Each structure stands twice: as C-alpha cells, then as structure tokens.
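Here the structure comes first, spelled out in structure tokens, and everything after it is commentary.
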Amino acid sequence: MDSLQQAIDEYIKNQYSRYHTPGHIGGEGSPAISLLGEQVFKADLTELPGLDDLHAPENVIKNAQSRAAQVFGADFTHFLVNGSSAGIIAMILAMVEPGKKLAVPRNAHRSVYHGLILSGAIPEYIPVEVPKESPVAFNISPDELNNTISTNIDSSKTPEAVLITNPSYHGVAIDMNKVALDSNIPLLVDEAHGAHFIFSKDLPPDASEYGGDLWVQSTHKTLGSLTQSSMLHGIENLVSREKLAFMLQLVQTTSPSYPLMASLESVIEYADKYHKHWQEFISNRLKYIRNKICEIPGLQLVTPEQITTGFKLDPSKLTIDLRELNISGYKLSDLLRNEFGIQVELVDSNSIMLMLTPYHTERELDYLINSLETIVNNKNSYQIVNNTVDKQLVAKTDIPYPQVEITPREAVYQEGEYIELSEAIGRVAQEFVIPYPPGIPALVPGEIITGDVYEYLNKLTENPEIHIQGFYYSSSSYIKVIR
C-alpha cells in the first residue's frame, strides 16, 4: 500500500477493537465528536502496523514525503506536525553551532528567535526596508542581502548560515535574481507564506528555484492541509540529513497527528489541480478584485513594484493602505466583522491585510467589494475619525539597531527585573520589545538599551494606535531588563 490515507482508511474499515492510544477510542470517549464529526476521531490513530512512524518512516509516510519532495523541487521532505515553527527551529539547530553567527532579518518570525535562543547562535541582523510610501515593512533588500554575504570575506566574520523570510507576511518577496549567493553558505528560508508559489508562474519564485538549501512551508496557510501541518524541504548539498532528522526529533511530538499527516499527503495528490486553480485565479478573479479595490476612493493597495526595485509581490495578499481614508485598520476590521460578517487576516493602525485563494467564490469577492464601498461611502454614519499613524513615525530611518551585548540564549537565563523605560538606558534587555507597526523588534534579549532606542520607543508611546509588545504599563511604561 503506497498511500497513508489508504492505510488509515483500511484500518478504519477493519473495525478493530481499539486497545491502544488515543484514549477516546475512535471518538467514543470524546464529547467533541458532536463538533468535529465521527470520521476525524476514527482517523486519529497512532503508530500501528501498516501506519508507519514519522520519526523512522519506512513505507506509507516515507512514500508520501518522497512524493512531496518531487512536487516541491526538493531532494527530500519532512512532514511537520508541530507547525512551521518546529521546522525553522530544527534547521537552525542542524545548521548553526553554538557561538557561530546566523544572519537573519531583523523582523524574523519569533520561531527564528526561539531557534537562536535554543541553539546559542549569535545573530547578525539584516536591516528591513520600510519605505515611507508604504504603511508596512517590505523585506530585506537584495542589496542588504548581498552586503551580508559579500562583506564577510574574513572567515572569522562569515555567518555559519543565512536565514531569510521570503515572502514576508504581507507577501513581499525579495527579488532573488538580484542576489549573488555564496555556494558555501547555507541559505535557510522561512517560506511559511509561500507554499503556493510553485503552482503559478505569475507568483514569485519559490526557494527551490533560487538556491535554497532548506526551506519551510506552512502548507496549511495557502494550500489545503489542516492548521499546524507544514513541510520542511531540503537539498542535500550542504545539509546533513541525519543531523536534521535528529533535530526534528527534538522539536516534534512523539505522538504525531495522523489527520494532519493525511492532510499533507492530500495536498501532494491535488498538485495538478493546484496548478490549474492558482493560474486561473491569478489571471482572472484576483486581477478583477485588485482593480476594483483600487477604484474605491481612499483605498490603495500596497504594491512594492510601484515604490522601489528589488521586490516582488504575491498578489493574493491584499494589503490595503488606509492612510488616505483616515481610518485605522482596527476600526475598519471591526466594521467588516460586526456589520458585514467578514474576518480579515491581519490588522494594524494603517492597514488591513486579506488572504485570498482560488477557493473564494466570485460571489464572496463581490460581497467584499460591496462591503468596502458601503463603508467608504458612509464614513460619517460609521463615525470614522482620523486615527492612523503618521508614516514618518515608523520609517526605516527612525529605527535604531542596538548593540548586542550577549546572545539571546545567555540573556534569557539571567535574573531579570522590571524598571521604567526612562531608567533603562545602558541596561540590557531580557525580553523582546516590538512595536506594531512596523513589527520590527526595537529590542531583542541581550541588547543594550541605548539613548537612541529610548528616544525611538518614547516617541512611539505618544500614539495610542501603536501597540508595543514587551511593554508593561501602569502609570508609565515598564520594560524587563537583566538585573
């Protein structure tokens, strides 16, 4: 039997008496069966004869992972049941030794920082482009990435690996045609939001096309698998598969979910249809809705190609700039949800972001357009006021990059204390401090709080629409530092 789904179905059809985990015994012992359905519980199995073992695959799981590698242009693939975060942490642990440098974007996902903490690697930060013309951060530019690679001719300063986030949460991808990769420096890619790229020539290239050595995709984000299921793909050139497999064992559960793995396998089987559906969607409905949104007075779509060179855009991410309309993203999001039954993906002070797939119907998309038009045409009745964030406030030139005093790993194991921000200059941060927007850490554990950092954060506190993660409020702003 070649298919994991077939193996699961065969076990269910045999109607075995279940004297094994999980304890709900096919759903009999779970009240959640009324919500989730009987079949989910029947398929929720464990490592039984014929069902293989994720951590030592020999048949159906091994076959499914091999087919996934073929579809996604890799030499090998690992199924991830602890989300993309587990894959990102595992590839850092496998590729960067303690005390060695890992070059990362300053706005990397928190799992990258968790990987830095667990590995003991030393971060080397790559600045992120935040044009004044955009309400959101873009990505690291090709020039910054080239500088990171080319300026490290001295082997003592060369990073052990480079990790990029490509694309960003908002779908902004680095134009990797403008990057000169070093064949001796492994390229690790957080491609969580780009699992669908390989299915259309009108989307940015995926990591298999521009030289990624390891890349992680959140298959559940833009394709058809269940939430928390992802894939880690790799090319064997610079990667020890044995070491990577061991690191995955450290960060993945020993009780992998069979419904999650079956849903990953289903994506592979659906690959030909994904090609057709994504290409048709981008060529027709997606172009239509992007054009219609641009026709609504006061709404603008974020399009990097119109602002600067070096970036490409995933058009299925609709980031709507609200600064001209003078409505905050929080207000618009609430109106769409409460008045029209529409839930968006991401919100900040100056924008909202919606994720579209080929499985949004024309009727749904027309309803979205009509809802936006209704809100814009009735601004006064919705009591819309000017509460967006000054774009100058979050521009790249305003963001200081602090000095690293100790590694993030060393910082989190120190004893800490909370002090007022005004008293923190010269101290070492023990927690992350991240203002939204722009979503770029102002402080990472182990960094010195300089006067520039203090001035930047103090300036941001003047606007109540900016949320600063890592601040603790009472009568003033408190921050956690190393004692």
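Within region 447-459, can one find any residue that is surrounded by 14 or more Cβ atoms within 10 Å (Cβ to Cβ), out of contact with any helix residue (DSSP H, G or I) (no Cβ under 8 Å at 6 or more places or on another chain), part of a loop (DSSP other than H, G, I, E, B) and at pLDDT 90 or above?
Yes, region 447-459 contains a residue that is surrounded by 14 or more Cβ atoms within 10 Å (Cβ to Cβ), out of contact with any helix residue (DSSP H, G or I) (no Cβ under 8 Å at 6 or more places or on another chain), part of a loop (DSSP other than H, G, I, E, B) and at pLDDT 90 or above.
Given (1) without any contact (Cβ under 8 Å) to a residue 40 or more places away in the chain; (2) of a type in the set (Gly, Ala, Ser); (3) crowded, with 16+ Cβ neighbours inside 10 Å, where does SER349 come up short, assuming only one miss?
(1)
Tally the residues that are on the phi < 0 side of the Ramachandran plot, in a loop (DSSP other than H, G, I, E, B) and not polar (S, T, N, Q), restricting the search to region 30-54.
Taking region 30-54 and keeping what is on the phi < 0 side of the Ramachandran plot, we get 30-36, 38-49, 51, 53-54.
Then keep just the ones that are in a loop (DSSP other than H, G, I, E, B); that gives 30-32, 44-49, 51, 53-54.
Narrowing the set further to residues that are not polar (S, T, N, Q) leaves 31-32, 44-45, 47-49, 51, 53-54.
Count: 10.
Give the residue, chosen from VAL104, VAL71, VAL60, that is within 20 Å of the chain's Cα centre (by Cα), modelled with pLDDT of 95 or more and assigned by TED's automatic domain parsing to the domain that holds HIS220. Even if it seems obvious, please write down each step before you answer.
On the way: VAL71 fails: within 20 Å of the chain's Cα centre (by Cα); VAL60 fails: within 20 Å of the chain's Cα centre (by Cα).
Within the list VAL104, VAL71, VAL60, the selection yields VAL104.
From the residues in region 259-316 that are farther than 22 Å from SER351 by Cα and of a type in the set (Asp, Glu), which one is modelled with the lowest pLDDT?
Only one residue tops the list, namely ASP272.
Is it the case that some residue within region 115-125 is within 30 Å of LEU354 (Cβ to Cβ) and of a type outside the set (Phe, Trp, Tyr)?
Checked against the condition, which is being within 30 Å of LEU354 (Cβ to Cβ) and of a type outside the set (Phe, Trp, Tyr), region 115-125 yields at least one hit.
Yes/no per residue for (1) farther than 28 Å from ASN63 by Cβ; (2) touching a Ser or Thr at 6+ places or on another chain (Cβ under 9 Å):
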position: ASP9; (1), (2): no, yes
position: LYS13; (1), (2): no, no
position: SER17; (1), (2): yes, no
position: PRO22; (1), (2): no, yes
position: ALA32; (1), (2): yes, no
position: GLY37; (1), (2): no, no
position: VAL40; (1), (2): no, no
position: GLU47; (1), (2): no, yes
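Search region 55-69 for residues that are part of a helix (DSSP H, G or I) and pair each with any residue that is of a type in the set (A, V, I, L, M) and surrounded by fewer than 17 Cβ atoms within 10 Å (Cβ to Cβ) when their beta-carbon atoms are under 8 Å apart and the residues are at least 6 apart or on different chains.
Note: pairs meeting the criteria are VAL60/MET1.
Please list, ordered by residue number, the helices (runs of 4 or more DSSP H) wholly in region 240-306 having 1 or more residues that are over 27 Å from ILE89 (Cα atoms), among the β-branched types (Val, Ile, Thr) and in contact (Cβ under 8 Å) with a residue 12 or more places away in the chain. Steps first, answer last, please.
On the way: elements: 241-251, 258-269, 271-281, 287-294.
Correct list: 287-294.
Is it fair to say ALA90 is touching a residue at least 60 places away in the same chain (Cβ under 8 Å) and in a loop (DSSP other than H, G, I, E, B)? Step through it out loud before you land on a result.
Values: touching a residue at least 60 places away in the same chain (Cβ under 8 Å): yes; in a loop (DSSP other than H, G, I, E, B): no.
So ALA90 does not fit the description; no.
Rundown of residues vs (1) of a type in the set (Lys, Arg); (2) in contact with a Lys or Arg (Cβ under 7 Å, 6 or more places away or on another chain); (3) farther than 19 Å from ILE8 by Cα, yes/no style:
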{"residue": "LEU54", "(1), (2), (3)": "no, no, no"}
{"residue": "ALA64", "(1), (2), (3)": "no, no, no"}
{"residue": "PHE76", "(1), (2), (3)": "no, yes, yes"}
{"residue": "PHE79", "(1), (2), (3)": "no, no, no"}
{"residue": "GLY83", "(1), (2), (3)": "no, no, yes"}
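Can you tell me how many residues in region 1-22 are in contact with a helix residue (DSSP H, G or I) (Cβ under 7 Å, 6 or more places away or on another chain), modelled with pLDDT of 95 or more and either exposed (fewer than 15 other Cβ atoms within 10 Å of the Cβ) or assigned by TED's automatic domain parsing to the domain that holds LEU264 (or both)?
1
Mind checking which pairs have a first residue in region 366-382 that is within 20 Å of MET353 (Cβ to Cβ) and a second that is aliphatic (A, V, I, L, M) and in a helix (DSSP H, G or I), Cβ under 6 Å, 6 or more apart or different chains?
What qualifies is ILE375/LEU335.
Do we have any residue at all in region 421-430 that's free of Cβ contacts under 8 Å to residues at least 12 places away in the same chain and either touching a His at 6+ places or on another chain (Cβ under 8 Å) or among the acidic types (Asp, Glu) (or both)? Reasoning before the result, please.
Initially, region 421-430 is screened for residues free of Cβ contacts under 8 Å to residues at least 12 places away in the same chain, giving 423.
Right, trim to either touching a His at 6+ places or on another chain (Cβ under 8 Å) or among the acidic types (Asp, Glu) (or both) and you get 423.
Within region 421-430, one or more residues are free of Cβ contacts under 8 Å to residues at least 12 places away in the same chain and either touching a His at 6+ places or on another chain (Cβ under 8 Å) or among the acidic types (Asp, Glu) (or both).
Could you tell me which of the residues GLU280, GLU191 is surrounded by fewer than 18 Cβ atoms within 10 Å (Cβ to Cβ) and not β-branched (Val, Ile, Thr)? Steps first, please.
Values: GLU191 fails: surrounded by fewer than 18 Cβ atoms within 10 Å (Cβ to Cβ).
Result of the check over GLU280, GLU191: GLU280.
The values are calculated or read from the model by the stated rules, or taken from the named source; none is laboratory data. None of these values were measured; they are calculated from a predicted model. Positions of Cβ are backbone-derived with ideal geometry, glycine not excepted, and every protein chain shown enters the neighbour counts.
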